[in-house]
Each structure stands twice: as C-alpha cells, then as structure tokens.
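K.L.:
The structure is given below, and queries will be raised subsequently.
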Amino acid sequence: MHPDVSLIFGGLSSDYETSVSSFSNIISSYIATPVAKRPFSIKNIYHLSPTNGLVSTSALPGGLTISELQDYLLEIRSSKGAKLYSAFDKMASRGEYVVNLLHGQFGEDGGVQTLAALSGLIGTFGDPCVASLTKNKFAMSSFVSALFSAEIVRVPKTHLIKPQQMHDAIRISSSFRRPIVVKPNSLGSSQLTALFQDALSSKEKIVHLLGSIFEYDSAALLQEFIPGSEYSCGCLVGSSGVIPLPVVKIEAPSSFFGPYEKRTITVQQQKVLDRDDPMGAILKSISTMIASAVGICNTVRFDFKITDHSEVYFLECNYIPALGGDNIFNQMLHHHGMTVIDLISFTALNSKPYATKCAV
C-alpha cells in the first residue's frame, strides 16, 4: 500500500531557489499526470521560510493548474509557520512519507536529518552521519581516496583553508603547478566557485573570494584544476541494493563547469552515454561502490572528471540531487524510463528507511 506523500521545500541555505525549482518541477509533473495514473496522492506541502526558519503547512489544492502554480507558491511563502521541531513532530504523528527537497546547508548536511530521526519522521531524509559526510567535500574526497587505489579513482590535490589561515592561502595556492579552483567546502550549485589560471597574479581576487566564502561556509578549498571532460552518475538506492542511472557527459564549451556554466548549460549539452559505453560502465561501477560503502539511503549523484588519458578523478557527491526541469538528474531519470513522480513512488515503496538505534 502506498503511503500518503508530503513535500518539504525552501530552507535556510543559499540553495533556496534550487529547492523551489525542484518543488515546482515535481508539482508541475504531478499536475500533468492524469489523476487515474497518479501512483500516490500528495497530502501536505511544507515550506521552510528562509527568513525566519518557520514551517508553514498547506494542503495541495484539488484542481490546481500549472498556470496557478506561481500564485500558489507566493501564497505558501507568505503563510505563517511553526518552529521546525514542532512541525516535524506533527508530520511524524500524521504518518506521512515526507520527501525532503531542502538543498544545501541544513537541508542535506545532517541538520534536518537529525531532527527527522529524533522525531521518528519517515521519508527521504536518510542517515544524519552520511549526510554530514557527503556534504563535506574535503571529507568525502578523503573517503573516496581511501576506498580506491589511484589506478582506479584519483582525487585532485586539495588544501582545506579555514578563516584563520587566510594569510597562508596565497602561499599554498602558489604551490600548485596547475591552475587552481577555489570553492566552498559545503555549499552546492558551484556557488562562489572560480578557476584561476595563475594563482600568484590573482592573489587579490583569491583573497576576496575566500572572504566571501567564509561569510557562508566555515571552510574553503584550494584545489588543483583537472583538465578533461566532466561526467555525472546518479544512483537509486532501494532495499535490494544500488541501481546506477545512465551516465551523463557535460559537453560545456569549457572543461570548467562553474556557476556560470551550470546556469547556462542546455539539455542538448548533457549527453547521455549509450548503455554499452565503456566509460559509462566504469563510472557506474565506481558510483555503485561509493554509494554502497557510504550507506546512501535513497538517491545520490556523483561528479567526476576524466582526463585525455582516461584517468578518473572524483569531484564531489550530491546527497540530494536537484530535480529542476533541466537538471542533470532529470535527464538520467528520463533515460532510465522514469519521471520525478516515478522516483518519489520508488523511494516511498522501495528505499531502505533510516532508523535510529540506541544502545542499552
């Protein structure tokens, strides 16, 4: 029997608009699905306000049309709400299956996962420890580096920089022989990420960027730039194991897939590899091993760089892949024969739920 499904979106992070985009695409797809073919009903919509952190509750109106969706969003955003822990307790008491669309910090970094676990809330939140690991780019790269030999998967040379190390940043960045990428350790969507061809001649820009990063993140990364093509592989994780999705190659004009490139890339520049493509098979195998070793519960997306010499570099993990209309994960689902509505149905019926266990 399919449980009642509810959605929570919004959030306190700089990925708020990504969350809204994921929510809008799901609701649009749900509206476009004939009523008789909908595998579940959407019971409640929860919005976590980015201004006051309160959660408002709204029942999805029957007969809502796509043309009315934007007005409905405005109505939700202006609604009064309750404190997050109270809202989670209420959700748990209703026995709903809650789809977590909170991206970024306090959405996929272990924060709401911990509250969900303490409330006994069922849904797509997963393990708080896994969320915390995967959102920390430096820690996740270290995990992958320990999991594989360098002949199979490499990680770019990376230095973790804390605010108190600002005076060392230029010296460290100048030690790289290659161009470097400066980015936050835990923000998503390539926010505040930039490529510098020559660190020494760009020291003022690097210092300025680090200062901006530290306004939102507790750490930044100085990372060697790996020339090559970027690939992404998503996975579904059910009670029977990991299911790798079709691999996507990002055919951007530049081999640097930064914030501008992510905003402007088109679906046509997201090439889905053929099922028998050898590189796709390799990345599927690697992604399956990482997802299994980490303990992913529902969905995940891994990003890689492949050099001209076919060397595989792990870049990062997306614990809650964005589900906006033109997003990479949606292309993977489409070529796997699924919609976002099918995805929610799959996770509600097949994913392995996270359960708290207390030692006695």
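K.L.:
Sort out which residues of the stretch 286-298 are within 15 Å of Arg154 (Cα to Cα) and among the polar types (S, T, N, Q), and write them in order of number.
P.N.:
Answer for the stretch 286-298, where residues must be within 15 Å of Arg154 (Cα to Cα) and among the polar types (S, T, N, Q): just Ser287.
K.L.:
Keeping to the stretch 6-34, report how many residues are small (Gly, Ala, Ser), farther than 14 Å from Pro61 by Cα and open to solvent by 10 Å² or more (accessible area, probe 1.4 Å).
P.N.:
6
K.L.:
Is there any pair linking a residue in the stretch 190-203 that is more than 20 Å from Asn318 (Cβ to Cβ) and free of Cβ contacts under 8 Å to residues at least 40 places away in the same chain to one that is open to solvent by 60 Å² or more (accessible area, probe 1.4 Å) and not in a strand (DSSP E or B), with Cβ under 8 Å and at least six apart or on different chains, and which?
P.N.:
Note: pairs meeting the criteria are Phe196/Lys205.
K.L.:
While we're looking at this one, here's another question. Which residue pairs have Cβ atoms closer than 9 Å, lie 6 or more positions apart in sequence or on different chains, and pair a first residue in the stretch 210-233 that is closer than 19 Å to Asp198 by Cα with a second residue that is among the hydroxyl-bearing types (Ser, Thr, Tyr) and part of a strand (DSSP E or B)?
P.N.:
Matching pairs, first to second residue: Leu221/Thr158; Leu222/Thr158; Gln223/Thr158; Glu224/Thr158; Ile226/Tyr313; Gly228/Tyr313.
K.L.:
Let me ask something else about it. Scanning the stretch 182-200 for residues that are in contact with a Gly (Cβ under 7 Å, 6 or more places away or on another chain) and at pLDDT 80 or above, which turns out most open to solvent (accessible area, probe 1.4 Å)? Before you say what the answer is, go through the steps one by one.
P.N.:
To start, the set of residues in the stretch 182-200 that are in contact with a Gly (Cβ under 7 Å, 6 or more places away or on another chain) comprises 187-188, 190, 193-195.
Applying the additional criterion that residues be at pLDDT 80 or above yields 187, 193-195.
Details: Leu187: 10, Thr193: 22, Ala194: 26, Leu195: 47 Å².
If we take residues in the stretch 182-200 being in contact with a Gly (Cβ under 7 Å, 6 or more places away or on another chain) and at pLDDT 80 or above, then Leu195 is most open to solvent (accessible area, probe 1.4 Å).
K.L.:
What's the total number of residues in the stretch 239-268 that are open to solvent by 10 Å² or more (accessible area, probe 1.4 Å), at pLDDT 65 or above and under 28 Å from Phe125 (Cβ atoms)?
P.N.:
Final tally of qualifying residues: 7.
K.L.:
Kindly establish whether Ser173 is among the small types (Gly, Ala, Ser), modelled with pLDDT under 90 and over 21 Å from the mean Cα position of the chain (by Cα).
P.N.:
Working: among the small types (Gly, Ala, Ser): yes; modelled with pLDDT under 90: yes; over 21 Å from the mean Cα position of the chain (by Cα): yes.
Yes: the conditions hold for Ser173.
K.L.:
Would you check if there is a residue in the stretch 70-79 being surrounded by fewer than 12 Cβ atoms within 10 Å (Cβ to Cβ), farther than 13 Å from Ser6 by Cα and touching a residue at least 12 places away in the same chain (Cβ under 8 Å)?
P.N.:
No.
K.L.:
Could you look through the stretch 140-170, keep only residues that are over 14 Å from Tyr313 (Cβ atoms) and open to solvent by less than 30 Å² (accessible area, probe 1.4 Å), and pick out the one that is modelled with the lowest pLDDT?
P.N.:
Once the filter is applied, the top-ranked residue is Ala169.
K.L.:
Return yes or no: is Gly95 open to solvent by 30 Å² or more (accessible area, probe 1.4 Å), touching a Pro at 6+ places or on another chain (Cβ under 9 Å) and modelled with pLDDT under 95?
P.N.:
Answer is yes for this residue.
K.L.:
Only residues that are open to solvent by 80 Å² or more (accessible area, probe 1.4 Å) and without any contact (Cβ under 8 Å) to a residue 12 or more places away in the chain: list them for the stretch 35-61, please.
P.N.:
Hits for the stretch 35-61 are Val35, Ala36, Lys37, Thr51.
K.L.:
Scanning the stretch 1-26 for residues that are in a loop (DSSP other than H, G, I, E, B) and among the aliphatic types (A, V, I, L, M), which turns out modelled with the highest pLDDT?
P.N.:
Leu12
K.L.:
Cβ-Cβ distance below 9 Å, separation of 6 or more or different chains: which pairs start in the stretch 141-166 with a residue that is within 15 Å of Met289 (Cβ to Cβ) and in contact (Cβ under 8 Å) with a residue 60 or more places away in the chain and end on one that is among the aliphatic types (A, V, I, L, M) and open to solvent by 60 Å² or more (accessible area, probe 1.4 Å)?
P.N.:
Leu147/Met289; Phe148/Met289; Ile152/Ile282; Val153/Leu147
K.L.:
Oh, and also: Of everything in the stretch 163-219 that's part of a loop (DSSP other than H, G, I, E, B) and of a type in the set (A, V, I, L, M), which residue is farthest from Ile320 (Cα to Cα)?
P.N.:
Among them, the one singled out is Ala199.
K.L.:
In the stretch 171-181, which residue that is among the charged types (D, E, K, R) and either in contact (Cβ under 8 Å) with a residue 60 or more places away in the chain or closer than 27 Å to Phe302 by Cβ (or both) is surrounded by the fewest Cβ atoms within 10 Å (Cβ to Cβ)? Break it down into steps so the answer makes sense when it comes.
P.N.:
We begin by selecting, within the stretch 171-181, every residue among the charged types (D, E, K, R); these are 171, 177-178.
Pick out the ones that are also either in contact (Cβ under 8 Å) with a residue 60 or more places away in the chain or closer than 27 Å to Phe302 by Cβ (or both) and you get 177-178.
On the way: Arg177: 7, Arg178: 14.
Restricting to residues being among the charged types (D, E, K, R) and either in contact (Cβ under 8 Å) with a residue 60 or more places away in the chain or closer than 27 Å to Phe302 by Cβ (or both), the top hit is Arg177.
The values are calculated or read from the model by the stated rules, or taken from the named source; none is laboratory data. Since we're looking at a predicted model, the values are computed, not measured. Positions of Cβ are generated from backbone atoms using ideal geometry, with glycine treated the same way; all protein chains shown enter the neighbour counts. Ligands, DNA and RNA are stripped out before the accessible areas are found, and what is left, the full protein with its side chains, is counted by its heavy atoms. Shrake-Rupley method; radii C 1.70, N 1.55, O 1.52, S 1.80 Å.
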